[in-house]
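The values are calculated or read from the model by the stated rules, or taken from the named source; none is laboratory data. The structure displayed is predicted, hence computed values, not measured ones. Note: ideal-geometry Cβ built from the backbone for every residue, glycine included; neighbour counts use all protein chains shown. Ligands, DNA and RNA are excluded from the accessible area calculation, which covers all protein heavy atoms including side chains. Shrake-Rupley method; radii C 1.70, N 1.55, O 1.52, S 1.80 Å.
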Amino acid sequence: MTAKLLDGRALAQSLQAQFQGQIAEAVAAGHRPPGLAVIQVGDDPASSVYVSNKRNTCQKVGVTSFAHELPASTTQAELNALIDACNADPSIDGILVQLPLPPQLSAAEVIARIAPHKDVDGFHPENMGRLAIRQPGLRPCTPFGVMKLIETTGVDLYGIEALVVGASNIVGRPMALELLLAGATVTVVHRFSRDLAGHVARADLIIAAAGKPGLIRGEWIKPGAIVLDVGIHRREDGSLCGDIEFAAAAERASWISPVPGGVGPMTIAMLMHNTLQAWQAHLALRV
């Protein structure tokens, strides 16, 4: 068996074209375009690449991007003041603070400071709580993107055995909540879990978000399983890989997401989705 590829790039491009059309139609009717504040503290190279990709996507779909590049020495009070200003700015619908932050800054305090209706990353405790009680608002982008990719398989998730590898607040925990919302039977494994291979072997659906390259061996995959790899790592030779042994897993899975080109593009697409959702709610648009 050779798995079919879950092409995140193609799906993201299709969604972004839809968003572009919605924005263009609203602007032509006299509405302002969506506004997204993108805040980066310091000059971490990986963060700079991610921020650049997000700004480029904003430009493509018609979202106005407000760039705030702060020095690594920025204090908590200074960052809080900027967030407060963005919360109060009626031209800004969404606020994104690129993580990780320098060590003197509290990510938890920053996330909680953003107004929930402008929290386009979906990390605010209110938005996470809404997902937990099955009343989702703005949803964490990567798990939301994974769900959109799974939809393209046409597989009904009701009752299937789903395994989430990793329990971070950014991916693992909200991923489990998304799967519960979709009716799956969900297991979450983490660094303290025993018998990872056994858990993988029983799963009909596997989402790997552990942050360890090649952690999940292809031979563990249940034949016919759906496999999505959130991990992305750079090897010594410069190539990229995920948390799953891709080639071996692809011989057993029915569907698999590549690294790169799988989940990554969907994360940015869902950021645009959330920005449009926040904008539509802000202006009470029906587009």
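Out of the DSSP beta bridges found with both residues in the chain, what percent are antiparallel (nearest 5)?
Roughly 5 percent of the DSSP beta bridges within the chain come out antiparallel.
Could you work out what % of the accessible surface of the stretch 20-120 is carbon and sulfur, using a 1.4 angstrom probe and leaving DNA, RNA and ligands out of the count?
58 percent
Please compute the alpha carbon radius of gyration of the stretch 170-271, then divide it by the globular-protein estimate 2.2 N^0.38 Å. Two decimals is fine. Mind dumping the intermediate values first?
Values: Rg = 13.2 Å, N = 102, 2.2 N^0.38 = 12.8 Å.
Compared with the compact-globule rule of thumb, the stretch 170-271 sits at 1.04.
Could you tell me how many degrees, from 0 to 90 and to the nearest 10, lie between the Cα long axis of helix 263-283 and the main elongation axis, the longest principal axis, of the Cα atoms of the chain?
40 degrees
Taking the chain as the reference, fit the longest principal axis to its C-alpha atoms, fit the long axis of helix 8-28 to the helix C-alpha atoms, and give the angle between the two in degrees, 0 to 90, nearest 10.
The angle comes out at about 20 degrees.
Probe of 1.4 angstrom, ligands and nucleic acids ignored: what's the accessible area per residue over the chain, in square angstrom?
On the way: 13200 Å² over 287 residues.
Ligands and nucleic acids excluded, the result is 46 Å² per residue.
Scale the Cα Rg of the chain by the rule-of-thumb value 2.2 N^0.38 Å and send over the ratio, two decimals.
On the way: Rg = 19.1 Å, N = 287, 2.2 N^0.38 = 18.9 Å.
That ratio works out to 1.01.
Please state, to two decimals, what the Cα-based radius of gyration of the stretch 212-287 comes to when divided by 2.2 N^0.38 Å (N = residues).
Dividing the Cα Rg of the stretch 212-287 by 2.2 N^0.38 Å gives 1.49.
Using helices alone, what [θ] at 222 nm do you get for the chain, with -39,500 (n - 2.57) per DSSP H run of 4 or more residues, divided over all residues and rounded to the nearest 500? Display every interim value, and only then the final one.
Values: 10 runs with 120 residues, N = 287.
After summing the helix terms and dividing by the residues of the chain, the value is -13000 deg cm²/dmol.
Please compute the Kirkwood hydrodynamic radius of the stretch 1-84 from all pairs of different C-alpha atoms, in Å with one decimal. Please list the in-between numbers first.
Working: mean 1/r = 0.0653 Å⁻¹.
The Cα-based Kirkwood calculation yields 15.3 Å.
Quick one: net charge around G172, please, counting Lys, Arg +1 and Asp, Glu -1 for every other residue with C-beta under 15 Å from its C-beta. Before the final figure, lay out the partial values.
Values: positive: R139, R173, R191, K212; negative: E178, D229, D243.
Spelling it out: positives minus negatives among the neighbours equals +1.
With θ set to phi - 60° and the Karplus curve 6.51 cos²θ - 1.76 cosθ + 1.60, what are the ³J(HN,Hα) couplings of the stretch 49-55 in order, to the nearest whole Hz, using x for Gly and Pro?
5, 4, 5, 4, 4, 5, 5
Return the sequence-ordered ³J(HN,Hα) values of the stretch 126-132 in whole Hz as given by the Karplus equation 6.51 cos²θ - 1.76 cosθ + 1.60 applied to θ = phi - 60°, using x for Gly and Pro.
5, 5, 5, x, 4, 5, 5
Using only alpha carbon positions, build the gyration tensor of the stretch 55-112, then give the equivalent ellipsoid semi-axes as the square roots of 5 times its eigenvalues, largest first, whole angstrom.
Working from the Cα gyration tensor, I get semi-axes of 22, 14, 10 Å.
Nearest 10 degrees, 0 to 90: what angle lies between the long axis of helix 172-181 and the longest principal axis of the chain (Cα atoms)?
Once rounded, the angle reads 80 degrees.
Given the alpha-carbon gyration tensor of the stretch 14-150, what are the semi-axes of its equivalent ellipsoid in whole angstrom, ordered largest first, with each equal to the square root of 5 times an eigenvalue?
For the stretch 14-150, the ellipsoid semi-axes come out as 24, 19, 16 Å.
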